[in-house]
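Visitor: My questions all concern the structure below.
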Amino acid sequence: MLSYIISGGNKLSGRIKASGSKNAALPIIASCILNPEPVTLYNIPDIEDTKITLEILKILGCKITRNSDKIIICSKDMLKTAIPKDLMHKLRSTVVLAGAIIGRFKKATFSYPGGCNIGARPIDLHLDSFKKLGITIDEKDEYIHCKCKEIVGKRIKLKFPSVGATENIILASVYAKGATHITGAAKEPEIKDLAKCLNSMGAKIYGAGTSEITIFGVKKLHSTSYKIMSDRIETGTLLCAVACTGGTVTVENADAQNLLTVLYSLKEMGCKISINRDKIKLKAPEKLNPVSVETQPYPGFPTDMQPIIGAILTKAKGKSIVTENIFENRFKYSEELVRMGAKIKQKDKTLEIIGVDKMHGEIVMSKDLRGGAALVIAGLMSEGKTTVENIEYILRGYENLDEKLRMLGANIKKEKVV
Ligand code: UD1
């Protein structure tokens with residue numbers, strides 16, 4: 001088991017570069033399955049989730065060449081269409097591989113995906129959408145077998161704007177006969193990035209980033225090079241780490257446009273924020289103001305930032321309210337914060353956080369990716385030593401988080417505990 005050991009209390013300041021987006025990289029890597037010609041991707045974050053996804057592609061028969069943040073994927077010789085259950089269980093986003101495999105081969109076998117335990121996370125919207133596209137689904141021995149003669153474009157109305165289901169429909173429809181029209185689509189910027197990447201290969205996807213997306217089926221795709229967008233959640237995490245420790249930071253390679261609700265909340269908390277092209281500068285106040293945030297699908301406040309904001313509000317000047325509307329089990333980090341001295345009460349979907357003057361170091365346990373990052377931030381703003389255990393979750397989604405925080409002046413190191 002790996003842990004972060006943090007000695008809290010340092011004021012963080014400096015310049016830091018955001019990595020490529022995890023949530024854009026994963027479906028974009030999947031999209032390479034659709035294209036038998038080589039695809040060159042830049043800005044892929046070097047994190048566990050991308051490593052696992054690339055490993056699955058390799059097992060399926062894709063050729064992968066990696067050189068720093070540049071990756072060339074060639075799926076020309078891919079023959080296998082079944083995703084091994086053990087790898088499928090490692091992360092939730094493996095489910096979008098299904099749309100890409102069916103899109104190319106008209107058949108796919110996979111199991112229910114794993115990933116962070118932050119709620120029930122069913123895949124009914126994915127499977128119902130596949131059925132609408134003419135795909136037959138047969139569930140047997142813990143495996144889901146999908147097949148069809150051809151995928152036929154249809155109107156699909158999503159009853160909830162699921163990010164993964166929207167991506168899966170896009171991927172499955174790229175080679176469909178006719179047009180697929182999604183209403184109630186998720187509007188997250190990572191979906192726009194997936195569509196931009198696919199369009200650069202010759203796909204015809206319109207409206208991504210809005211609630212109505214149309215995919216006109218094409219006969220083939222061609223080689224492309226594509227740079228993945230920057231990670232808005234990592235950017236937000238780094239800004240919050242500085243906001244609560246009292247310094248000034250410039251995050252480079254950032255996209256403020258995709259982070260407006262978070263930047264607005266940080267401004268309400270008293271941070272001074274300026275934006276210059278791909279740079280976001282934040283100057284922290286002496287003490288943060290309390291705020292109320294409520295998670296919503298994009299462009300609302302992102303659920304992935306909820307634990308991070310929850311952590312920094314523990315030392316704000318008064319009472320904050322944090323409401324989680326997307327996942328029903330995303331407050332587990334708050335019990336650990338209470339052990340560090342935070343005053344938090346949970347009532348259903350809401351946390352009431354009363355700011356305290358001091359928090360103290362503790363041995364705490366990360367239970368999911370963003371909740372783990374929230375504990376790291378809590379450690380940075382607490383007195384004494386904090387050990388965040390089980391950081392394998394954090395390594396899934398943050399590239400060199402400890403190194404980046406050290407560059408800003410944090411006292412944090414990674415340790416292997418046997
Ligand atoms: C993606 C992101 C994740 C983010 C989430 C919400 C990736 C790799 N992950 O996850 O970081 O927190 O969007 O912004 O991009 N739902 C169903 N049935 C389904 C699918 C989803 O009921 O078939 C529900 C989920 O249980 C959840 C909600 O819809 O309550 C949102 O899920 P969804 O948007 O699908 O999230 P993911 O794509 O899994």
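The values are calculated or read from the model by the stated rules, or taken from the named source; none is laboratory data. Since the structure is predicted, the reported quantities are computational estimates derived from the model, not experimental observations. Here the Cβ is made from the backbone with ideal geometry for all residues, glycine too, and neighbour counts use every protein chain on show. Ligands, DNA and RNA are stripped out before the accessible areas are found, and what is left, the full protein with its side chains, is counted by its heavy atoms. Shrake-Rupley method; radii C 1.70, N 1.55, O 1.52, S 1.80 Å.
Visitor: Rounded to the nearest 500, what is the chain's calculated 222 nm mean residue ellipticity when only DSSP H runs of at least 4 contribute -39500 (n - 2.57) each, over all residues?
Guide: Numbers: 14 runs with 131 residues, N = 418.
Theoretical 222 nm ellipticity from helices: -9000 deg cm²/dmol.
Visitor: OK, next. Ordered by residue, what ³J(HN,Hα) values in Hz, to whole numbers, does the range 279-296 give under the Karplus form 6.51 cos²θ - 1.76 cosθ + 1.60, where θ = phi - 60° and Gly and Pro are x?
Guide: 10, 10, 10, 10, 10, 7, x, 4, 9, 6, 7, x, 9, 10, 10, 9, 6, 8
Visitor: Right, here's the next one. Return the subset of 70/414; 85/187; 154/220; 267/315 for which the Cα-Cα distance in this structure is over 23 Å, preserving the input order.
Guide: Checking Cα-Cα distances, 70/414; 85/187 exceed 23 Å.
Visitor: Further question: Just to check I understand the Karplus step: with θ = phi - 60° and J = 6.51 cos²θ - 1.76 cosθ + 1.60, what whole-Hz values come out for the range 149-155, glycine and proline as x?
Guide: Values per residue, Gly and Pro as x: 6, 8, 8, 10, x, 9, 7 Hz.
Visitor: Using only the heavy atoms of the protein chains and a 1.4 Å probe, how would 391, 72 rank by accessible area, largest first?
Guide: If we order 391, 72 from most to least accessible, we get 72, 391.
Visitor: A further question follows. Nothing charged except the Cβ atoms of Lys and Arg (+1) and of Asp and Glu (-1): what's the magnitude of the dipole of the range 251-342 about its Cα centre? Round to the nearest 20 debye.
Guide: Numbers: 13 positive and 11 negative charges, 101 e Å.
Here the range 251-342 has a charge dipole of around 480 debye.
Visitor: With a cut-off of 8 Å between alpha carbons and a minimum separation of six or more residues, what is the relative contact order of the range 148-209 in percent?
Guide: On the way: 81 pairs, mean separation 22.9, N = 62.
Worked out over the range 148-209, it gives 37 percent.
Visitor: Normalising by the residue count of the range 101-204, find the relative contact order in percent from Cα pairs under 8 Å and 6+ residues apart.
Guide: 28
Visitor: Which percent of the accessible heavy-atom area of the range 119-170 goes to carbon and sulfur, probe 1.4 angstrom? Present the calculation step by step, with values, prior to reporting the outcome.
Guide: Working: 1490 of 2840 Å².
So the carbon and sulfur contribution to the accessible surface is 52 percent.
Visitor: Now for a separate question. Rounded if a/c is under 1.5, else prolate if a/b is larger than b/c, else oblate: which is the range 96-149, with a ≥ b ≥ c the root eigenvalues of its Cα gyration tensor?
Guide: On the way: a/c = 1.85, a/b = 1.73, b/c = 1.07.
The shape class here is prolate.
Visitor: Moving to a separate point now. Using modelled amide H (1.01 Å from N, peptide plane; none on Pro or chain starts), what sits under 5 Å from the amide H of residue 292, excluding residues fewer than 5 places away?
Guide: 321
Visitor: When the chain is modelled as a GNM with alpha-carbon springs shorter than 10 Å, which of 140, 80, 349 fluctuates the most?
Guide: Per the Cα network of the chain with a 10 Å cutoff, 140 tops the list.
Visitor: In addition: Could you check the simple spin-label distance between residue 179 and residue 268, using points 7 Å along Cα→Cβ, in nm with one decimal?
Guide: 3.9
Visitor: Report the antiparallel proportion of the DSSP beta bridges in the chain as a percent, rounded to a multiple of 5.
Guide: Details: 56 of 78 bridges.
Percent antiparallel among DSSP bridges in the chain is about 70.
Visitor: Assuming 0.36 nm per residue, please report the length gained on full extension of the stretch residue 157 to residue 145 beyond their Cα-Cα distance. Could the numbers behind the result be given before it?
Guide: Values: separation 12, 0.36 × 12 = 4.32 nm, distance 2.32 nm.
Value of the extension gain: 2.0 nm.
Visitor: With a point put 7 Å past each Cα toward its Cβ, work out how far residue 59 is from residue 296 in nm, to one decimal.
Guide: The answer from the label model is 4.0 nm.
Visitor: I'd like to check one number: the per residue accessible area of the range 22-227, probe 1.4 Å, reported in Å² as a whole number. Walk me through the intermediate numbers first.
Guide: Values: 8540 Å² over 206 residues.
Each residue of the range 22-227 exposes 41 Å² on average to a 1.4 Å probe.
Visitor: Can you list residues from other chains, or at least 5 along the same chain, whose modelled amide H is less than 5 Å from the amide H of residue 2?
Guide: Here 390, 391, 392, 417 satisfy the definition.
Visitor: Relative contact order for the chain using alpha-carbon pairs under 8 Å, separation at least 6, rounded to a whole percent?
Guide: Contact order relative to length: 21 percent.
Visitor: Antiparallel versus total DSSP beta bridges in the range 22-227: what percent is that, nearest 5? Don't skip to the end; give the middle numbers.
Guide: Details: 25 of 35 bridges.
Percentage antiparallel, nearest 5: 70.
Visitor: Taking 41 Å as R0, compute the FRET efficiency from the Cβ-Cβ separation of residue 218 and residue 358 and round it to 0.05. Before the final figure, lay out each step's value.
Guide: Details: r = 60 Å, r/R0 = 1.46.
So the FRET efficiency works out to roughly 0.10.
Visitor: Please say if the range 93-217 is rounded, prolate or oblate, where rounded means a/c under 1.5 for a ≥ b ≥ c the square roots of the C-alpha gyration tensor eigenvalues, and otherwise the choice is prolate for a/b larger than b/c and oblate otherwise? Could the numbers behind the result be given before it?
Guide: Values: a/c = 1.66, a/b = 1.19, b/c = 1.39.
Verdict is oblate for the range 93-217.
Visitor: Classify the chain as rounded, prolate or oblate, taking a ≥ b ≥ c as the square roots of the eigenvalues of its Cα gyration tensor: rounded when a/c is under 1.5, otherwise prolate if a/b is larger than b/c and oblate if not. Before the final figure, lay out each step's value.
Guide: Details: a/c = 1.85, a/b = 1.82, b/c = 1.02.
Since a/c reaches 1.5 and a/b is larger than b/c, the shape of the chain is classed as prolate.
Visitor: Going highest first, how would you order 159-171, 326-338 by mean Cβ packing within 10 Å? Write out the running numbers ahead of the final one.
Guide: On the way: 159-171: 23.6, 326-338: 20.1.
Ranking, from highest mean packing down: 159-171, 326-338.
Visitor: Still on this structure, please answer the following. Under a Cβ-Cβ cut-off of 10 Å, what is the net charge of the residues other than residue 121 that fall near it, where Lys and Arg count +1 and Asp and Glu count -1? Could the numbers behind the result be given before it?
Guide: Values: positive: 92; negative: 328.
Overall, the nearby charge balance is 0.
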